[in-house]
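For reference, the structure discussed in these notes is given below.
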Amino acid sequence: MRLPRVLALILGLFLAIQAVGALAVTPDEVLADPALEARARAISAGLRCMICQNQSIDESDAALAKDLRVLVRQRLVAGDTDEEVIAYVVSRYGEFVLLKPVFNWRNALLWGTPLVLLLVGGGYIVVASRRRKPTSAQVLTDEEKTALAEALRRET
Amino acid sequence: MVEIGHFALVLAFALSLVQSALPFIGARTRQDRLMAVGGPVAITAFAMTALAFLALASAYVQSDFSVLNVWENSHSAKPLLYKITGTWGNHEGSMLLWVLILTFFGALVATFGRNLPAVLKADVIAVQGLIGAAFFLFVLTTSNPFVRLSPAPIEGRDLNPVLQDVGLAIHPPLLYLGYVGFSVCFSFAVAALIEGRIDAAWARWVRPWTLAAWIFLTGGIAMGSYWAYYELGWGGFWFWDPVENASFMPWLAGTALLHSAIVMERREALKIWTILLALLAFSLSLLGTFLVRSGVLTSVHAFATDPTRGVFILALLAFFVGGSLSLFAFRAQSLQPGGLFQPISREGALVLNNLFLTTATATVFVGTLYPLALEALTGEKISVGAPFFNLTFGALMVPLLIAMPFGPLLAWKRGDLAAAGQRLYAAAAGALLVGLVAVFFVDGVTAFAAVGFGLAAWLLIGAVTDLVLRAGIGSVAPAVALRRFAGLPRSVFGTALAHFGLGLTALGIVSVSALQTERIVAMKPGDTAEISGYVLTYDRMEPVRGPNYTEDRAFFGLATAGGRDLGEIISSKRVYTARQMPTTEAGIATRGLSQIYVSLGDPAANGGTVVRIWWKPLVTLIWLGALVMMAGGTMSLADRRLRIGAPARRKIRPATAGVPAE
């Protein structure tokens, strides 16, 4: 029991260092062209640092993240479009690298849940409210109306 | 003392078993004496847990390294505050805090539930006891904080440096008060299902507990967000980290519950749905506990990576969630449906609110668990991160936020949408104006961001509109309006404040997302960097020795572009000696509602230091908004309606002379 815990601690320490080292993009990486750099930042924010917990390569301090950032910039300088850069990175590192999963059948449940729930829930509410519409019993008869008018007249 | 604590914990477990059995049997057989056992036992269980907690805390304060848990997570050189907060800065201690708060709520129900029907009270206390017993068993068998270590080491291994912060004193207790507070709603729901009877009075009893839990959870999440913002060093305020999502899901479900309980209390409608939400809110809290404690997700927060714990919590989760939902499936049909209403009405608006909030909860749920499920089932690994949540969650929030100001303006049963719309002309005009000004006169605002600014203005003005109209400001004499304003029910203020707070938070988020600027520079002493009208001068770097760390402290001078001095920003990099672990301490200067955020990086190639500077406009509104929401909740909690059993005695004003008595 002791050993796994020690391992876990070391792993935890390692991850924590990754997490709090904090400084990501360094000045030497930044591209001279501000438009290109802005595109690089936007792409980086959507790519996962593979060895970190839920961090994009834009936020991460890990060496691997830096390599990826440099790679993204190299491809951009070489003239790739944003889509081409992302496709290139995915071809090398797999879909795991995308923080926004691709829109395909395998991920249908992921992407579909909000829409399906909204439609089903909304549909149910509409149907239920139709079915339980107040009946005409709430409309007063002529007799009741005269009685009401009489009562009101007396009141004033 | 440690053994006394251990013993008290075992005793609390035994008491919880009694608490879960006797009142329940009493309620079924209608024996008053057995039912009455619940209250005192619940209070005693709390006292015992408190004793156990104090024992552990005192071991921490005294740095008693003969206790394994203290040795693993403390250090004699640690400042006193962190010795105390370190008690719950680890898995075992935080679970002890969890049960402490659980028994605290049990004791509260026992103390303040005097006017509850005896059967309902007995059932609620019994369910609380059952939850307590399960978690005491978990603590005692898999996460016992009182395990001794022999021989006792001389020095401890110190607390994770990220946790050595005042945030640890506030964030977990608030969060747990929120999480565990929903257990009371859960117990009430289960009790109602057991008896198969539920009415408006039930909703009135449950609402204060929901409100209280919601207030704490709001505070806990906001505090956690601010803590991450200044501690993690890259200035993000929400990362859609699974651990954050784990606390966000109960909040969303709890917010939905808060609103549906209003409908139930006022109109006896949505009974079944409200019960289901009450079950879900606590189930999601349990799920959050499982996700964080089991080590399923490894992150900064997850101290636990022992699989036996994970399996135990999973079993607890299955028992309570599965059990309560089965009970729901069997008994929900026996509940009488309540009042009818038209789709366009206050009830209808609250149903819409529930539809969107529940869908949002499900979206976060699926997004958090989908990668785990996919990997378990097919072995494929995908990531679901911030871009996914921003897109889907954002898309769900927009219609909800647009609809929000309409809600309080619609009448119960049958509302008039056109009339409500007319009353919101001012808010609509304000929103349009803000959007236009943002897109044409503020640099860097895209059309998309301008819509965000407009939406925030719509929420803010919309929230005030309700108060203005109810008080009749502008349509009656000022004195009358003032009197009416002061006489409005506190729950009306509560609604307006909470909605206004959400508007503030939205404004903060939109502003930071759209207008934040960033500079990454390598600086040497004497260098300056300019950002959004401010000039930062790197003055010097000094080594400093703290109680249990050493740090390189960088001093920056802040001035306006015109050269007016605005004081100093200190930003540093620390290394905690015991664990040899580095952290960054960001330097933050608050200017009005905005902040300048300075974070230090590694030494740069030119011999200087990499410095990252952000201008974060209106960023503080994100958390101030949460405080306003909490104030709204507190206001609502103070409403006379909810102070049940204590009808305020109205002061009889002495009759003025000259008015004949009728």
Which three semi-axes in whole Å describe the equivalent ellipsoid of chain B, each the square root of 5 times a Cα gyration tensor eigenvalue, listed largest first?
-> 41, 38, 23
Straight-distance crosslink candidates among lysines, where the alpha carbon sits under 24 Å from A:Lys145 and sequence neighbours closer than 8 are dropped | A:Lys133, B:Lys413
Tabulate in residue order the Karplus-calculated ³J(HN,Hα) for region B:88-93, using 6.51 cos²θ - 1.76 cosθ + 1.60 with θ = phi - 60°, rounded to whole Hz; enter x for Gly and Pro.
-> 10, x, 7, 4, 4, x
Going fewest to most other Cβ atoms within 10 Å around each Cβ, A:Cys52, B:Cys185 line up as A:Cys52, B:Cys185
Candidate aspartates and glutamates - alpha carbon under 13 Å from B:Lys121, same-chain residues fewer than 8 apart omitted = B:Asp32, B:Glu195
Between the residues B:Leu159, B:Leu81, B:Leu137, the Cα farthest towards the positive end of the dipole of region B:47-188, that dipole coming from +1 and -1 charges on the beta-carbon of Lys, Arg, Asp and Glu, is from B:Leu137
Extended-chain gain in nm, criterion 0.36 nm per residue less alpha-carbon gap, B:Ala426 and B:Leu149 | 92.9 nm
Could you give the distance between the Cα centres of region B:427-478 and region B:78-148, to the whole Å?
-> 45 Å
For region B:269-403, what does the equivalent ellipsoid look like in terms of its semi-axes, each the square root of 5 times an eigenvalue of the Cα gyration tensor, given largest first in whole Å?
-> 32, 22, 11
Checked region B:6-83 with the C-alpha gyration tensor, a ≥ b ≥ c its square-rooted eigenvalues, rounded below a/c of 1.5, otherwise prolate if a/b is larger than b/c and oblate if not; verdict prolate
Out of residues 5 or more away from B:Phe341 or on other chains, whose amide H comes under 5 Å of its own, with H placed 1.01 Å from N in the peptide plane?
-> none
Taking H placed 1.01 Å from N in the peptide plane, check which residues at least 5 places from B:Arg591 or on another chain put their amide H under 5 Å from its amide H.
-> B:Ile596
Karplus-derived 3J(HN,Hα), 6.51/-1.76/1.60, for each residue of region B:136-151, Hz, glycine and proline x = 4, 4, 4, 4, 5, 8, 10, 9, 6, x, 9, 5, 8, 10, 9, x
Translational D in µm²/s for region B:462-548 (Stokes-Einstein at 10 °C, 1.306 mPa s, Kirkwood Rh from C-alpha pairs) | 88 µm²/s
For chain B, calculate the relative contact order in percent as a whole number, restricting contacts to Cα pairs under 8 Å that are 6 or more residues apart.
-> 11 percent
In which sequence would A:Asp61, B:Asp565 go, from the one with the fewest C-beta neighbours within 10 Å to the one with the most?
-> B:Asp565, A:Asp61
Compute the projected area of the convex hull of the Cα atoms of region B:41-121, averaged over all viewing directions, and report it in nm² to one decimal place.
-> 5.9 nm²
Label region B:519-631 by shape, choosing from rounded, prolate and oblate, from the square roots a ≥ b ≥ c of the eigenvalues of the Cα gyration tensor; if a/c is under 1.5 it is rounded, and otherwise prolate applies when a/b is larger than b/c, oblate when it is not.
-> oblate
Listed here are the pairs A:Lys66/B:Lys616; A:Lys100/B:Lys271; A:Lys66/B:Lys78; B:Lys78/B:Lys616; which of them are more than 27 Å apart at the Cα?
-> A:Lys100/B:Lys271; A:Lys66/B:Lys78; B:Lys78/B:Lys616
Result for the protein assembly as shown, cysteines with no Cys Cβ partner under 4.7 Å, is B:Cys185
Phi-based couplings in Hz for region B:367-375 (Karplus 6.51, -1.76, 1.60; Gly and Pro marked x) | x, 6, 9, 4, x, 5, 5, 5, 5
Got the relative contact order for region B:490-629 handy, in percent, Cα pairs under 8 Å and 6 or more residues apart?
-> 30 percent
Residues whose built amide H sits under 5 Å from the amide H of B:Asp639, excluding neighbours closer than 5 in sequence, are none
Enter the per residue convex hull volume of region B:336-466, computed from alpha-carbon coordinates, in Å³ rounded to the nearest integer.
-> 131 Å³
Fewest to most Cβ atoms within 10 Å: B:Glu375, B:Glu585 sort as B:Glu375, B:Glu585
Calculate the length of the line joining the C-alpha centroid of region B:511-590 to that of region B:181-235, in whole Å.
-> 38 Å
Name the shape class, rounded, prolate or oblate, that the alpha-carbon gyration tensor gives for the protein assembly as shown, where a ≥ b ≥ c are the square roots of its eigenvalues, rounded holds for a/c under 1.5, and otherwise prolate holds if a/b is larger than b/c and oblate otherwise.
-> oblate
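Read-outs throughout are calculated quantities, based only on the coordinates presented, and are distinct from any laboratory measurement. As the structure is a computational prediction, the values presented were derived from the model and not from experiment. Methodologically, a virtual Cβ is constructed for each residue, glycine included, from the backbone with ideal geometry; neighbour enumeration extends over all protein chains shown.
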